[in-house]
Amino acid sequence: MGSRKEFYRDTWAEVNLDAIAHNIKHMAKITGQKTGIMAVVKANAYGHGYVQVAETALSNGATHLAVAFLDEALFLRRQGITAPIVVLGASRPQNAGLAAEENVQLTVFTKEWIQEAGNYLSDGQQIRIHIKCDTGMGRLGVKTTDELIRLENEIEKNSAIHIEGIYTHFATADEVNRKYADEQINRFKLFVDALKQKPELIHASNSAAAFMRKDSLFSIIRFGISMYGLSPSSEIADLLPVTLEPALSLYTTIVQVKKVSPGDKISYGATYEAKEHEWIATLPVGYADGWIRKMQGFKVLVDGNRVPIVGRVCMDQCMIRLPKEYPIGTKVTLFGGENGHVLPMDEVADHLETINYEVACAVSARVPRVYHKNNESFFVLNPLV
Ligand SMILES: *Cc1c(COP(=O)(O)O)cnc(C)c1O
């Protein structure tokens, strides 16, 4: 990683770190002085790059980082990130000592975990944990205040385990209808009140909740999708109180252009047949890059025009039909873009009948990332954990 001076493929992602800085600063205006920002950088920072996003977030107002798994936290530590990191997913109690040693905070939701973890912490080690409450997401967390109290009692017996936080996660914060999230907040408050001692961090909000409801801010928010400049859902996209700047773009380049005749077939299965004399171009991007087979039929951006992907998307390549001949080397925007030539990632998500989160995460490790920051650029190859 990072040692090469250039890369040799004509498909790349661009990540505008200034956009991420902008999005965090605008969120900080909404959260205000009393509420901190935990930057969610799981899944290679939603495809944007763990370390680059973590550093940008921390230097623009975030105090904490969050990831899904311990391995991701350890990767950040190896890359020199020293800020507090919270693992939001489940971790094994057997890894409590490792987490303590690396100063990584874990999520806990059973008293059995506490009992077991005690066996794996050596003398003098301290681990910070966050208690997860299931207030309606049905994923991870204690379900009742009785369970919570038993868990707190168990933790009190072990001075090596410190309750740093308590939190919950919304199932419907990205919907206009507020009722279900209202109920989740009420339940969460009962959990918080049931604790004998208030932990340092009480948190509930994802991006959507942070934008849509002041009553869910508590002491810190977990800022994911909108830090990357994307709306948590199309339903609330027009209701967001800030203008987000999308950070991720995906580009490729025409590597061959040919004029085909009526009846000529394109790609595997020979499913596309030219109706007339057509200009067909080959792009060096395919499903191994996250540009999946269902992208067939989608219109990408060439020279300000939307042109269709024709025939099946292959592992490493796909074909488009051009309105006229374009030279080899012509830049093609798959999503994102700049200077008025923009193809929103949400259109890719709509085409795939999914959400922007999945599109961003799908950009695979094979795609080089080019970063922009303060008019400087650099690139990273294969950002793997
Ligand atoms: C991924 C995640 C987040 C971030 O949510 P966004 O909608 O991306 O802001 C917050 N909390 C938990 C528990 C998560 O898993």
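As an exercise: evaluate residue 234 against (1) within 30 Å of residue 128 (Cα to Cα); (2) within 16 Å of the ligand (Cβ to nearest atom); (3) polar (S, T, N, Q); (4) open to solvent by 10 Å² or more (accessible area, probe 1.4 Å) and give the number of the one condition it does not meet.
(1)
Which condition number in (1) assigned to a loop (DSSP other than H, G, I, E, B); (2) closer than 16 Å to residue 250 by Cβ; (3) open to solvent by 20 Å² or more (accessible area, probe 1.4 Å) is the one that residue 367 fails?
So residue 367 meets the others, but not (3).
Does the stretch 69-92 contain at least one residue that is more than 30 Å from residue 124 (Cα to Cα) and without any contact (Cβ under 8 Å) to a residue 24 or more places away in the chain? Break it down stepwise before answering.
Taking the stretch 69-92 first, the residues more than 30 Å from residue 124 (Cα to Cα) are none.
No, the conditions are met nowhere in the stretch 69-92.
Condition test on residue 48, is it more than 28 Å from residue 316 (Cβ to Cβ) and either buried (at least 23 other Cβ atoms within 10 Å of the Cβ) or not hydrophobic (A, V, I, L, M, F, W, C) (or both)?
Working: more than 28 Å from residue 316 (Cβ to Cβ): no; either buried (at least 23 other Cβ atoms within 10 Å of the Cβ) or not hydrophobic (A, V, I, L, M, F, W, C) (or both): yes.
No; evaluated as a whole, the condition is false for this residue.
Only one residue in 207, 267, 233 is in the same structural domain as residue 176 (by TED's automatic domain parsing), among the hydroxyl-bearing types (Ser, Thr, Tyr) and over 30 Å from residue 154 (Cβ atoms), so which one is that?
After ruling out the rest, the residue left standing is 207.
For residue 163, all conditions in the list (1) in contact with a Pro (Cβ under 8 Å, 6 or more places away or on another chain); (2) within 12 Å of the ligand (Cβ to nearest atom); (3) free of Cβ contacts under 8 Å to residues at least 60 places away in the same chain hold save one; what is the number of the exception?
(2)
Just the residues that are assigned to a helix (DSSP H, G or I) and either within 11 Å of the ligand (Cβ to nearest atom) or open to solvent by 10 Å² or more (accessible area, probe 1.4 Å) (or both), please, taken from the stretch 193-223.
193, 194, 207, 208, 209, 210, 211, 212, 214, 215
Which number in (1) charged (D, E, K, R); (2) open to solvent by 70 Å² or more (accessible area, probe 1.4 Å); (3) closer than 22 Å to residue 232 by Cα marks the one condition that residue 346 misses?
Failed condition: (2).
Select from the stretch 237-248 the residues that are in contact with a Phe, Trp or Tyr (Cβ under 9 Å, 6 or more places away or on another chain) and outside any strand (DSSP E or B) and write down the one among them that is surrounded by the fewest Cβ atoms within 10 Å (Cβ to Cβ).
The selected residue is 241.
Looking at (1) outside any loop (DSSP other than H, G, I, E, B); (2) in contact with a helix residue (DSSP H, G or I) (Cβ under 8 Å, 6 or more places away or on another chain); (3) within 30 Å of residue 47 (Cα to Cα), find the lone condition where residue 185 falls short.
With respect to (1) outside any loop (DSSP other than H, G, I, E, B); (2) in contact with a helix residue (DSSP H, G or I) (Cβ under 8 Å, 6 or more places away or on another chain); (3) within 30 Å of residue 47 (Cα to Cα), residue 185 is out only on (3).
Helices (runs of 4 or more DSSP H) wholly in the stretch 1-115 with at least 2 residues that are more than 15 Å from the ligand (Cβ to nearest atom) and farther than 30 Å from residue 254 by Cα - which ones? Don't jump to the end; show me each part of the working.
Details: elements: 17-31, 42-46, 50-58, 70-78, 96-101.
Of the helices (runs of 4 or more DSSP H) lying wholly inside the stretch 1-115, those with at least 2 residues that are more than 15 Å from the ligand (Cβ to nearest atom) and farther than 30 Å from residue 254 by Cα span 17-31, 50-58, 70-78, 96-101.
If the Cβ limit is 7 Å and pairs must be 6+ apart or interchain, which residue in the stretch 261-279 that is more than 16 Å from residue 307 (Cα to Cα) pairs with which residue that is of a type in the set (Phe, Trp, Tyr)?
Note: pairs meeting the criteria are 265/272.
In the set 314, 361, 318, which member is more than 24 Å from residue 268 (Cβ to Cβ) and out of contact with any Cys (no Cβ under 7 Å at 6 or more places or on another chain)?
Within the list 314, 361, 318, the selection yields 361.
Check whether at least one residue in the stretch 4-26 is of a type in the set (Gly, Ala, Ser) and open to solvent by 20 Å² or more (accessible area, probe 1.4 Å), and report yes or no.
We begin by selecting, within the stretch 4-26, every residue of a type in the set (Gly, Ala, Ser); these are 13, 19, 21.
Now drop any that are not open to solvent by 20 Å² or more (accessible area, probe 1.4 Å), which leaves none.
No: the stretch 4-26 contains no residue that is of a type in the set (Gly, Ala, Ser) and open to solvent by 20 Å² or more (accessible area, probe 1.4 Å).
Could you name every one of the strands (runs of 3 or more DSSP E) located completely within the stretch 249-304 that has at least 1 residues being among the basic types (Lys, Arg) and surrounded by fewer than 18 Cβ atoms within 10 Å (Cβ to Cβ)? Quick ask: steps written out before the conclusion?
On the way: elements: 256-260, 278-283, 299-302.
Passing ranges, in order: 256-260, 299-302.
For the stretch 129-136, state whether one or more residues are among the aliphatic types (A, V, I, L, M), crowded, with 23+ Cβ neighbours inside 10 Å, part of a strand (DSSP E or B) and within 18 Å of the chain's Cα centre (by Cα).
Scanning the stretch 129-136 turns up no residue that is among the aliphatic types (A, V, I, L, M), crowded, with 23+ Cβ neighbours inside 10 Å, part of a strand (DSSP E or B) and within 18 Å of the chain's Cα centre (by Cα).
The values are calculated or read from the model by the stated rules, or taken from the named source; none is laboratory data. Note that the structure is predicted; figures quoted are calculated from it, not measured. As a convention, Cβ positions derive from the backbone with ideal geometry for all residues, glycine included, and neighbour counts pool all protein chains shown. Surface areas here come from the heavy atoms of the whole protein model, side chains and all, with no ligands, DNA or RNA. Shrake-Rupley method; radii C 1.70, N 1.55, O 1.52, S 1.80 Å.
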